[in-house]
Amino acid sequence: MTREMTENTKQRILEAAAHEFASKGFDGARVDEIARSAGVNKALIYYYYKNKEELLTILFLETRDAVVALMKSGIMQNIDYTKPDEITRMISAFLDVLEERQDVIRVMLMETAKRAPINKLVFDILADIIALMFSIAEDQHVPVDSNKSRAMITEFFTGIMPVLDYVAYHEIWMERFSVPEETLRAQFLESFLSTHFAFMFTNKGES
């Protein structure tokens, strides 16, 4: 098997695993079903990966790497944070990257709510992303909350989690309430800017 064929096979396995985890949760997911969906022998999965935990870990880390790559691409550095249109374009770019990994985001939300070892990895990933956000903001002299504890809480609960929720549930919302995708995204972004970003830019004290 050539290197390209190997990488393609591993990618099919990861995509099948993401769908299986998102559909049934980590505990309910079965390697047999992942193998069937990927069109490979079950033994081949264990040849490439130790177990389900490694599959899930790789999916989470690949998602983190995609977000970090976007953050370091200049998208956060080359905008005027006083202009809502530019902030909207930036958040839309993050939504695009995350929506390509919707199944991973869905299982991430499910597993984070559990008191299991895997949720430590998820929180470590989210903490790393938040820290990088703050580092870039400081480099750009963006006015953010100088109370670091409050800033972390705000970024997690009013920034990251609403974005992940949107990615996980927007298709269900569109179907349930017959809302076009373009309209839903526009209204989400408008609400996001008027709540999360408004708070982050106006609460900069130490209290």
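Brief remarks on what is shown
- If you sort the three axes of the alpha carbon gyration tensor as a ≥ b ≥ c, you get a/c of 1.5 or more for the range 53-202 and a/b no higher than b/c, which makes it oblate.
- Euclidean distance between Cα centres, the range 1-16 to the range 135-207, Å: 35
- Residues I13, I87, arranged from fewest to most other Cβ atoms within 10 angstrom of their Cβ, appear as I87, I13.
- Placing a pseudo-label 7 Å from each Cα along the Cα-to-Cβ vector at K148 and Y46 gives an inter-label distance of 4.6 nm.
- Contour minus Cα-Cα distance for Q140 and N78 (0.36 nm per residue): 21.4 nm
- Restricting attention to the range 13-123, lysine pairs at least eight places apart or on different chains and with alpha-carbon atoms under 23 angstrom apart total 12.
- Its residues counted as N, the range 1-49 yields a C-alpha radius of gyration over 2.2 N^0.38 Å of 1.10.
- Ellipticity estimate at 222 nm from DSSP helix runs (n ≥ 4, -39,500 (n - 2.57)) divided over the chain, nearest 500: -23500 deg cm²/dmol
- Partner lysines for K148 [C-alpha distance under 20 Å; skip if fewer than 8 residues away on the same chain]: K204
Read-outs: derived from the displayed coordinates by stated rules, not from any lab. Remember, it's a predicted structure, so these values are computed and weren't measured experimentally. Every residue, glycine among them, receives a Cβ derived from its backbone with ideal geometry; neighbour counts consider all protein chains shown.
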